[in-house]
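The values are calculated or read from the model by the stated rules, or taken from the named source; none is laboratory data. This is a predicted model, so every value here is computed, not measured. Note that we place each Cβ from the backbone using ideal geometry, even for glycine, and neighbour counts take in every protein chain shown. Please note that ligands, DNA and RNA were not included when accessible areas were found on the heavy atoms of the full protein model with its side chains. Shrake-Rupley method; radii C 1.70, N 1.55, O 1.52, S 1.80 Å.
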Amino acid sequence: MTKQSFSKFRRVLLGSAAVLTLAVAPAYAATQGVAPVAFSAGVATATPALMPVPASVSLPTGALPLNGGMTILWDQKPSALLSRAADRFTHRIDALAGRVLPQQKDLAGPVTSIPVHMQVGEDRDALTVHAKEKYSLQVNASGVTLTAEGPDGVLHGLATLAQLVTRGENGPQLAFAEITDSPRFPWRGIMIDTSRHFMAVSTLQRQLDAMELLKMNVLHLHLSDGTGFRVESKKFPELTEKGSHGQYYTQRELKDLAAYAADRGIRIVPEFDVPGHALAFLLAHPELAAQSPVNPEPKNKNNAALDPTIPGTLRFVRKLYAEMGKLFPDAYFHSGGDEVDPREWMKNPKIVAYMKDNGFATPQALQAHFTAEVQKVLADQGKIMVGWDEVSEAPIPKDVVVDVWRSSKFLASASADHHPVIVSAGYYLDLLQPAAQHYLVDPYDPAANGITREQADKLLAKGGRPDLVNAFLKEPAPAPLTDEQKQYILGGEAPLWSELVTDEMLDARYWPRAAAIAERFWSPASVRDVNDMYRRLAVVDTELQITGLQAQANTHRMALRLSPGNADPVECLASATVPLRNYVMNRYVSHRDNALDEIGEVTSPDPFPAVRFSMLVDQYVAGDHSVAPALKAQMQVWRDNDAAFQQVATARGLSEAIPTSHNLAVMAGAGLNALNGHKKKLSSADKTIFDQEDTLINSSADVSGSFSGTSFPPGGLMIVAEPALRKLIGL
């Protein structure tokens, strides 16, 4: 890439965030009754990107200069937790403001810091689902006042205050604001799978830091599965000796992590999955297996199950849960219960005989019996059981919290049966879907997520198990939830299963998409403007990187590893492409020897340059031709990148994507011709490129997995800019 094209590429990428931050200024409230101090007024200031959108917000004209930082002033002595929160906040503010520390004396005179007056009430329910999370925030010429009903509210208020930092004509500033805020749902979480790929403690801590800034308050930590058991057990040391591959957390590390999370207003809910997903258990305790002998390397490591009919299984669960529960102070404990393959039990004559003798007509009935026993175990240990929605397919105790994942319809049936509900369906980040798709799924909508009848028929035609297919079917749509049912919806979680996610990739696979989901769990249901969400998301993503997230740094390092010395062609192609969606990428990787060091891992499910380009095309087609220069600049970069990409794509991991790079160049060139008024008709070959990419993008939305062959798109990529380019040239 030449110096000239390099500069243009950087300008276009940097301009993506700038264009995404443009917005119509909100209706400003008048500033009233305050004694003026030094502040910016009469000058247009940047609009803060607040996410999640507060319940009530007004942004009057004006801002306070931030070159002197902030000083926290408590109305009464703060707790140690609040003192640490204040320290984190001031460090983040310094990072966002660009203050170089230690601060040098200002030769022009003293610099006044902004006073932040803190008023906080007591809350015995802090760090529970009953926590008082409401806060109010006033920023005006006199400084800042933050009032909260409890410590959780303080943490949320400080997170919002950090988002009021903008950059004005004279440098960093704090925007004036009047905010009253509280969450829509008390349970707002993400799920991290540490079994399939182990994640370092420092990596988990970064996610907790990001969660605090987005007001998320539950980390669901998946710690055991077929792939690995990830916790030091002193009662069962053989679990880590035989089931962890040497990668596990010590008990001290997890206790410290729980404390680290609590400092940020976050509860950690551990998951130890039973009776399915049990291979890691069974490598250490084969006597508990439903199928013997235990195959240590099965084709599917998720299928192995415990035998629920022998007394030793429940004894094992009781001892293990008692030990693990002491590491996590939260009241909730996730016991899994998902994807129990009925063949594991029905191929065991002893289990079949037990079912007949005890009146269990189906495997689901046997699992319900086992679930009830596990619930009693946890209740005796002072814990509330959470289980995936399979546990609700037969009668179970009302105290069991149902985590809905297969289809939104289960939130209707579970809440009708008076079970507390967590909604994960629609928020699976490992599907590699864009933020907009998750953003429009409402936790109260029982018809929001699942497969259609047509998709179900495709799966059945391929030999899919009817019970599995029907579980995902969303038709016919359930009736809307009643007001009574809505009372049982605790909130939701954004899971990320880690088959295709390494420690290095975790930050970028969660963020910033999880921030959009955080807004869905916090903000009023009426907040649904996708374009405005993306405008704010670009800014929030920048703030997350500045304050410690390593998504961009890690992704850049991965690109450099693929193309040492010149990652720009790789990152340019990534700015217009996305990895294959809806688990098609899983199949692609499995046919590539499970390699996770290729361009598909560098690409984002939701690249901002492509999002920006699509928005600009919509503006242009609607008649706003002032955006033409920005469109041309982006298309020139994509067109000209092909030659540079071919020069660096000389080895596995990049070379497979050369056809994709070529296709992007062809489509960008066609877009430039259209924008420049050249009425050149597309050649049949170029039209075929558009049609192939369009078909690929459209078929990627089919969660039934209609793409099941072994002939994959080059590099495992889709050109996500294609629909906008197609619209621009009038195809």
If GLY671 satisfies every condition in (1) open to solvent by 10 Å² or more (accessible area, probe 1.4 Å); (2) touching a helix residue (DSSP H, G or I) at 6+ places or on another chain (Cβ under 9 Å) but one, which is the exception?
(1)
Within region 162-172, is even one residue more than 30 Å from GLU493 (Cβ to Cβ), of a type in the set (Ser, Thr, Tyr) and open to solvent by 60 Å² or more (accessible area, probe 1.4 Å)?
no
Wholly enclosed helices (runs of 4 or more DSSP H) of region 452-530 bearing at least 2 residues of a type in the set (A, V, I, L, M)
453-461, 466-472, 506-510, 513-522
Can you name the residue in region 50-102 that is among the hydroxyl-bearing types (Ser, Thr, Tyr), touching a residue at least 12 places away in the same chain (Cβ under 8 Å) and out of contact with any Phe, Trp or Tyr (no Cβ under 6 Å at 6 or more places or on another chain) and, of all such residues, is surrounded by the fewest Cβ atoms within 10 Å (Cβ to Cβ)?
SER56
With the structure loaded, tell me whether TYR444 is within 24 Å of LEU50 (Cα to Cα) and open to solvent by 30 Å² or more (accessible area, probe 1.4 Å) or whether it fails that test.
yes
Taking only pairs six or more apart or across chains, which ones have beta-carbon atoms under 6 Å, a first residue in region 643-667 that is closer than 17 Å to LEU725 by Cβ, and a second residue that is in a helix (DSSP H, G or I) and open to solvent by less than 10 Å² (accessible area, probe 1.4 Å)?
THR660/GLY715; SER661/LEU573; SER661/PHE645; LEU664/TRP638; MET667/LEU725
Does any residue in region 475-486 that is of a type in the set (Gly, Ala, Ser) come within less than 7 Å, Cβ to Cβ, of a residue that is surrounded by 15 or more Cβ atoms within 10 Å (Cβ to Cβ) six or more places away or on a different chain, and which pairs are these?
ALA477/ALA447
Of the criteria (1) buried (at least 24 other Cβ atoms within 10 Å of the Cβ); (2) part of a helix (DSSP H, G or I); (3) among the aliphatic types (A, V, I, L, M), which one LEU314 fails:
(1)
Restricted to region 40-74 and to residues being assigned to a loop (DSSP other than H, G, I, E, B) and hydroxyl-bearing (Ser, Thr, Tyr), the residue modelled with the lowest pLDDT is THR45
From (1) open to solvent by 10 Å² or more (accessible area, probe 1.4 Å); (2) in contact with a Lys or Arg (Cβ under 9 Å, 6 or more places away or on another chain), pick out the condition that doesn't hold for THR555.
(2)
Quick one: in region 621-637, of everything that is of a type outside the set (S, T, N, Q) and in contact (Cβ under 8 Å) with a residue 40 or more places away in the chain, which residue is most open to solvent (accessible area, probe 1.4 Å)?
VAL621
Can you say whether LYS727 is open to solvent by 60 Å² or more (accessible area, probe 1.4 Å) and either touching a helix residue (DSSP H, G or I) at 6+ places or on another chain (Cβ under 7 Å) or within 29 Å of SER563 (Cβ to Cβ) (or both), as far as the supplied structure shows?
yes
The condition from (1) open to solvent by less than 10 Å² (accessible area, probe 1.4 Å); (2) over 18 Å from GLY325 (Cβ atoms) that GLY246 misses is numbered (1)
Restricting region 348-402 to residues that are under 14 Å from THR309 (Cα atoms) and of a type in the set (Lys, Arg), which is surrounded by the most Cβ atoms within 10 Å (Cβ to Cβ)?
LYS350
Find the residue count for region 195-236, including only residues that are surrounded by fewer than 23 Cβ atoms within 10 Å (Cβ to Cβ) and of a type in the set (Lys, Arg).
4
Check PRO564 against each of (1) open to solvent by 30 Å² or more (accessible area, probe 1.4 Å); (2) part of a loop (DSSP other than H, G, I, E, B); (3) at pLDDT below 95 and name the one condition it does not meet.
(3)
The lone exception for ARG652 - which of (1) within 17 Å of GLY716 (Cα to Cα); (2) open to solvent by 60 Å² or more (accessible area, probe 1.4 Å); (3) in contact with a helix residue (DSSP H, G or I) (Cβ under 6 Å, 6 or more places away or on another chain) it fails:
(3)
For ILE310: the one exception among (1) out of contact with any Asp or Glu (no Cβ under 9 Å at 6 or more places or on another chain); (2) without any contact (Cβ under 8 Å) to a residue 40 or more places away in the chain
(1)
Kindly evaluate VAL666 against the criterion of being open to solvent by 10 Å² or more (accessible area, probe 1.4 Å), touching a strand residue (DSSP E or B) at 6+ places or on another chain (Cβ under 9 Å), modelled with pLDDT of 90 or more and not small (Gly, Ala, Ser).
no
Selection from region 260-280 of residues aliphatic (A, V, I, L, M) and under 22 Å from the mean Cα position of the chain (by Cα) yields ALA261, ALA262, ILE266, ILE268, VAL269
Quick check on my filter: what residues within region 490-512 are more than 12 Å from ASN554 (Cβ to Cβ) and open to solvent by 10 Å² or more (accessible area, probe 1.4 Å)?
LEU490, TRP497, GLU499, LEU500, PRO512
Filter region 684-705 down to the residues that are outside any helix (DSSP H, G or I) and open to solvent by less than 50 Å² (accessible area, probe 1.4 Å), then identify the one that is farthest from ASN663 (Cα to Cα).
SER704
Can you pull out every residue in region 448-500 that is within 30 Å of ASP593 (Cβ to Cβ) and touching a His at 6+ places or on another chain (Cβ under 6 Å)?
SER498
In region 173-194, anything crowded, with 23+ Cβ neighbours inside 10 Å, closer than 26 Å to VAL423 by Cα and small (Gly, Ala, Ser) is listed as GLY189
Collect the residues in region 575-591 that are open to solvent by 10 Å² or more (accessible area, probe 1.4 Å) and part of a helix (DSSP H, G or I), keeping them in residue-number order.
VAL584, ASN586, ARG587, TYR588, SER590
Which of the following residues is open to solvent by 30 Å² or more (accessible area, probe 1.4 Å) and modelled with pLDDT under 95: LYS486, LYS474?
LYS474
